[in-house]
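The values are calculated or read from the model by the stated rules, or taken from the named source; none is laboratory data. As the structure is a computational prediction, the values presented were derived from the model and not from experiment. Every residue, glycine as well, gets a Cβ built from its backbone with ideal geometry; the counts of neighbours run over all protein chains shown. Ligands, DNA and RNA are excluded from the accessible area calculation, which covers all protein heavy atoms including side chains. Shrake-Rupley method; radii C 1.70, N 1.55, O 1.52, S 1.80 Å.
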Amino acid sequence: MNGNAKEYALAVFAIALEEDSMTVIHDDLIMVKDAITENPGYMEYLVNPAIPKSERRENLKMVFESRVCGDVFAFLNILCDHGDMYVMNEAIDEFCAMYEDYMRFSKAVVTSAVALTEEEKTKLVSKLQSVTNKRIEAEYRVDPSLIGGVTVDVDGKFYDGSVRKNLSNIKEVIS
């Protein structure tokens with residue numbers, strides 16, 4: 001993580017807290033990141049030192065001023081003015097991590113050998129919420145190579161309850 005990215009994220013987070021606009025700023029930052037990610041040439045334009053800052057700022061104004069809140073627009077202008085536009089995605093990712101922690105929210109990737117039923121999904125999410133003490137948004141994937149069981153990746157922790165892992169453990173004990 002670039003130190004500048006973290007500093008920018010902390011500054012935007014502090015503003016969001018102070019102005020009680022956490023969700024608005026979060027949603028606007030996601031929209032900006034998605035829009036620029038979908039148009040990689042635009043980021044190249046924004047970081048190009050051969051293009052005058054005034055021209056890049058005017059372009060930011062044309063593209064984003066009416067689409068985002070004032071704080072997010074100011075953030076983009078500051079990045080442009082300081083020649084730090086290249087850290088924008090990292091800063092937004094860091095802000096989103098702080099946002100999720102602040103909102104007591106986590107994303108979990110649940111992989112199972114077969115598709116889970118709605119009841120199994122509900123029980124699993126409920127258990128994860130009690131373990132993490134956070135709201136959980138789960139993304140479900142199917143991987144037949146697990147043979148059975150599930151794996152869960154949440155908050156940087158990996159839980160492996162798959163049959164494949166159990167068979168691997170048995171094989172190690174036998175060897």
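The table below gives the values:
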read-out: Checking S21 against (1) touching an Asp or Glu at 6+ places or on another chain (Cβ under 8 Å); (2) under 13 Å from M85 (Cα atoms), the condition it does not meet; value: (2)
read-out: Breaking point among (1) open to solvent by 60 Å² or more (accessible area, probe 1.4 Å); (2) among the small types (G, A, S); (3) part of a loop (DSSP other than H, G, I, E, B); (4) closer than 23 Å to A35 by Cβ, for S54; value: (3)
read-out: Residue in segment 137-149 that is over 30 Å from N4 (Cβ atoms) and within 14 Å of the chain's Cα centre (by Cα) present; value: yes
read-out: Residue match in segment 43-64 (condition: within 21 Å of the chain's Cα centre (by Cα) and over 26 Å from L17 (Cβ atoms)); value: yes
read-out: Of all residues making up segment 127-175, the number that are within 18 Å of D101 (Cα to Cα) and among the small types (G, A, S); value: 3
read-out: Check on I78, among the hydrophobic types (A, V, I, L, M, F, W, C) and more than 19 Å from A5 (Cα to Cα); value: no
read-out: Filter result (among the charged types (D, E, K, R) and open to solvent by 100 Å² or more (accessible area, probe 1.4 Å)) within segment 122-136; value: K123, K127, R135
read-out: Verdict on V24 being farther than 30 Å from Y159 by Cβ, modelled with pLDDT of 95 or more, β-branched (V, I, T) and in contact with a Leu (Cβ under 8 Å, 6 or more places away or on another chain); value: no
read-out: Enumeration of residues in segment 6-34 that are among the polar types (S, T, N, Q) and open to solvent by less than 30 Å² (accessible area, probe 1.4 Å); value: S21
read-out: Test: residue in segment 123-133 that is at pLDDT 90 or above and in contact with a helix residue (DSSP H, G or I) (Cβ under 8 Å, 6 or more places away or on another chain); value: no
read-out: Condition check for E119: more than 27 Å from G156 (Cα to Cα), without any contact (Cβ under 8 Å) to a residue 24 or more places away in the chain, surrounded by fewer than 18 Cβ atoms within 10 Å (Cβ to Cβ) and among the charged types (D, E, K, R); value: no
read-out: Segment 66-116, subset under 21 Å from S126 (Cβ atoms) and among the polar types (S, T, N, Q), residue surrounded by the fewest Cβ atoms within 10 Å (Cβ to Cβ); value: T111
